[in-house]
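**Student:** Quick one: the structure is below, and I'll ask about it shortly.
The values are calculated or read from the model by the stated rules, or taken from the named source; none is laboratory data. Since this is a predicted model, take the numbers as computed values, not measurements. Note that we place each Cβ from the backbone using ideal geometry, even for glycine, and neighbour counts take in every protein chain shown.
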Amino acid sequence: MSQATQQPAEAVSPYLPRAAKIVEAKDFTEQEKYFRFEFEDGQGIEYLPGQFMEVSVFGIGEAPISICSSGGKRDDLEMCIRSAGDVTNALHELNVGDTVGLRGPMGNGLDMDAMEGMDLLFVAGGLGLAPCRSFILTALENREKFGRVTILYGSRTPKDLLYAYDLDAWRDRDDCEFLVTVDRGDDDWTGNTGVITTLFRKIDRPDAANTAAFIIGPPVMFKFTVLEALAMGLRKNNIYCSLERRMKCGLGKCGHCQIRNVYVCQDGPIFSYAEVMRLREGI
Ligand SMILES: Cc1cc2nc3c(=O)[nH]c(=O)nc-3n(C[C@H](O)[C@H](O)[C@H](O)COP(=O)(O)OP(=O)(O)OC[C@H]3O[C@@H](n4cnc5c(N)ncnc54)[C@H](O)[C@@H]3O)c2cc1C
Ligand code: FES
């Protein structure tokens, strides 16, 4: 057997996906579906929170999707995928036992060990909970390393809430503060109503100099939420976001994701707000 055939496929060419089987799948909402994958070569994967994979449906195409399970070395991989077009619609047709292609992990991600001793503030809007969940789970699995942990999550309506089982678990923990809000409640909703920035008034003022914030959600949410974080005194280089650009190769080759001299697929998608400000003219 040649050396090439003994190596995992990704080592042969970064463009060649590894085959992965869907081992769990469930509908979260009408638009979002949860998947857990395991690689058919049995070799697992190691990644940082904030990294993503290029997911391919054979014969259709590829799409970049964030990894939403906790970071580290694992046998499996979780994702939450919204049906938005050709690839993601085709993914929604797949179920347990079906095979997809996975290339990655891609992008920079963030090593949370660098934040040891800091307080953590997670602010997730809508589907932004998917990438944010990887950071949250990593923090909660290493709870002793961090100070206060606060999680704020907002969605449009109660029907749009993702990861109901995680939300219940976070609510029940006494070592983190978890608040959720919806823009519009329904007859059964008894929780907070209003945009996510309203939750900032309900939490204790953070130790601004020692807090790292992760703000991940649609651009309009980011714009207003970052103002709240700055008003609390958080430092621009301690506020992190995930920039989503149209991507193809994920390898810094095709230029689809380029902003000035930065390839978001390689230098990002996780940037500090200070870095985003420097890129601002190109966004
Ligand atoms: C780093 C990163 C992480 C991501 N993580 C997630 C995740 O965790 N979950 C998730 O659901 N999604 C995630 N996305 C978004 C996801 O990649 C896109 O929704 C997906 O690529 C859509 O692919 P598609 O083939 O299904 O849709 P497409 O067929 O490509 O169409 C998607 C939509 O974009 C429009 N469109 C198509 N081409 C263009 C173009 N050139 N310019 C502008 N608009 C166009 C289409 O009209 C359609 O409305 C992530 C994206 C990035 C970059
Ligand atoms: S997606 Fe090709 S360079 Fe970033």
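**Student:** Just checking, does region 76-90 include any residue being within 16 Å of ligand 2 (Cβ to nearest atom) and either surrounded by 23 or more Cβ atoms within 10 Å (Cβ to Cβ) or among the basic types (Lys, Arg) (or both)? Step through it out loud before you land on a result.
**Tutor:** Narrowing region 76-90 to residues within 16 Å of ligand 2 (Cβ to nearest atom): 87.
From what's left, either surrounded by 23 or more Cβ atoms within 10 Å (Cβ to Cβ) or among the basic types (Lys, Arg) (or both): none.
No, every residue in region 76-90 fails to be within 16 Å of ligand 2 (Cβ to nearest atom) and either surrounded by 23 or more Cβ atoms within 10 Å (Cβ to Cβ) or among the basic types (Lys, Arg) (or both).
**Student:** Something else about it: Thr190 fails exactly one of the following numbered conditions: (1) within 16 Å of ligand 2 (Cβ to nearest atom); (2) over 20 Å from Asp111 (Cα atoms). What is the number of that condition?
**Tutor:** Going through the list (1) within 16 Å of ligand 2 (Cβ to nearest atom); (2) over 20 Å from Asp111 (Cα atoms), Thr190 breaks only (1).
**Student:** Do we find that Leu102 is in contact with a strand residue (DSSP E or B) (Cβ under 9 Å, 6 or more places away or on another chain), part of a loop (DSSP other than H, G, I, E, B) and of a type in the set (A, V, I, L, M, F, W, C) in this structure? Talk me through it step by step, then tell me what you get.
**Tutor:** On the way: in contact with a strand residue (DSSP E or B) (Cβ under 9 Å, 6 or more places away or on another chain): yes; part of a loop (DSSP other than H, G, I, E, B): no; of a type in the set (A, V, I, L, M, F, W, C): yes.
It is false that Leu102 is in contact with a strand residue (DSSP E or B) (Cβ under 9 Å, 6 or more places away or on another chain), part of a loop (DSSP other than H, G, I, E, B) and of a type in the set (A, V, I, L, M, F, W, C).
**Student:** I need every pair where a residue in region 143-168 that is closer than 15 Å to Cys132 by Cα has its Cβ under 8 Å from the Cβ of a residue that is assigned to a loop (DSSP other than H, G, I, E, B) and among the aliphatic types (A, V, I, L, M), sequence separation at least 6 or different chains.
**Tutor:** If the second residue must be assigned to a loop (DSSP other than H, G, I, E, B) and among the aliphatic types (A, V, I, L, M), the pairs left are Thr150/Ile203; Leu152/Ile203; Tyr153/Leu161; Gly154/Val195; Ser155/Leu161; Ser155/Leu162; Leu167/Leu161.
**Student:** Right, something else. Going through Ala20, Ala9, Ala4 one at a time, which residue ends up being surrounded by 15 or more Cβ atoms within 10 Å (Cβ to Cβ) and at pLDDT below 95? Quick ask: steps written out before the conclusion?
**Tutor:** Numbers: Ala20 fails: at pLDDT below 95; Ala4 fails: surrounded by 15 or more Cβ atoms within 10 Å (Cβ to Cβ).
Exactly one residue qualifies, and that residue is Ala9.
**Student:** Do we find a residue being within 18 Å of the chain's Cα centre (by Cα), part of a helix (DSSP H, G or I) and either within 21 Å of Asn238 (Cβ to Cβ) or not assigned by TED's automatic domain parsing to the domain that holds Asp41 (or both) anywhere in region 107-114? Break it down stepwise before answering.
**Tutor:** Here is the first cut: in region 107-114, the residues within 18 Å of the chain's Cα centre (by Cα) are 107-113.
After this cut, where a residue has to be part of a helix (DSSP H, G or I) as well, the list is 112-113.
Remaining after also requiring either within 21 Å of Asn238 (Cβ to Cβ) or not assigned by TED's automatic domain parsing to the domain that holds Asp41 (or both): 112-113.
Yes, region 107-114 contains a residue that is within 18 Å of the chain's Cα centre (by Cα), part of a helix (DSSP H, G or I) and either within 21 Å of Asn238 (Cβ to Cβ) or not assigned by TED's automatic domain parsing to the domain that holds Asp41 (or both).
**Student:** Okay, moving on. For region 219-276, name all the residues that are within 15 Å of ligand 1 (Cβ to nearest atom), small (Gly, Ala, Ser) and more than 18 Å from Ala124 (Cβ to Cβ). Lay out the reasoning, then the answer.
**Tutor:** Filtering region 219-276 down to residues within 15 Å of ligand 1 (Cβ to nearest atom) leaves 219, 222, 240-252, 254-259, 262-271, 276.
Remaining after also requiring small (Gly, Ala, Ser): 242, 250, 252, 255, 268.
Answer for region 219-276, where residues must be within 15 Å of ligand 1 (Cβ to nearest atom), small (Gly, Ala, Ser) and more than 18 Å from Ala124 (Cβ to Cβ): Gly250, Gly252, Gly255.
**Student:** So if I check each of Gly97, Gly61, Gly101, which one is more than 25 Å from Cys132 (Cβ to Cβ) and within 16 Å of ligand 2 (Cβ to nearest atom)?
**Tutor:** On the way: Gly97 fails: within 16 Å of ligand 2 (Cβ to nearest atom); Gly101 fails: within 16 Å of ligand 2 (Cβ to nearest atom).
Gly61 is the lone residue from the list that is more than 25 Å from Cys132 (Cβ to Cβ) and within 16 Å of ligand 2 (Cβ to nearest atom).
**Student:** Select from region 204-253 the residues that are exposed (fewer than 15 other Cβ atoms within 10 Å of the Cβ) and within 16 Å of ligand 2 (Cβ to nearest atom) and list them in ascending order.
**Tutor:** Answer for region 204-253, where residues must be exposed (fewer than 15 other Cβ atoms within 10 Å of the Cβ) and within 16 Å of ligand 2 (Cβ to nearest atom): Arg246, Lys253.
**Student:** Hey, among the residues in region 50-88 that are closer than 19 Å to Ala139 by Cα and hydroxyl-bearing (Ser, Thr, Tyr), which one's nearest to ligand 1 (Cβ to nearest atom)?
**Tutor:** For region 50-88, the residue satisfying everything is Ser66.
**Student:** Helices (runs of 4 or more DSSP H) wholly in region 196-283 with at least 2 residues that are within 28 Å of Glu116 (Cα to Cα) and touching a residue at least 60 places away in the same chain (Cβ under 8 Å) - which ones?
**Tutor:** Values: elements: 219-231, 264-267, 273-279.
In region 196-283, the matching helices (runs of 4 or more DSSP H) lie at 219-231, 264-267.
**Student:** Check Asp174, Asp186 and return the single one that is surrounded by fewer than 20 Cβ atoms within 10 Å (Cβ to Cβ), part of a loop (DSSP other than H, G, I, E, B), among the acidic types (Asp, Glu) and touching a helix residue (DSSP H, G or I) at 6+ places or on another chain (Cβ under 7 Å).
**Tutor:** Details: Asp174 fails: touching a helix residue (DSSP H, G or I) at 6+ places or on another chain (Cβ under 7 Å).
From the options Asp174, Asp186, the qualifying one is Asp186.
Conditions (1) of a type outside the set (Phe, Trp, Tyr); (2) under 22 Å from the mean Cα position of the chain (by Cα); (3) under 23 Å from Glu78 (Cβ atoms), marked per residue:
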{"residue": "Leu120", "(1), (2), (3)": "yes, yes, yes"}
{"residue": "Val123", "(1), (2), (3)": "yes, yes, yes"}
{"residue": "Phe135", "(1), (2), (3)": "no, yes, yes"}
{"residue": "Arg143", "(1), (2), (3)": "yes, yes, yes"}
{"residue": "Phe146", "(1), (2), (3)": "no, yes, yes"}
{"residue": "Thr181", "(1), (2), (3)": "yes, yes, no"}
{"residue": "Arg205", "(1), (2), (3)": "yes, no, no"}
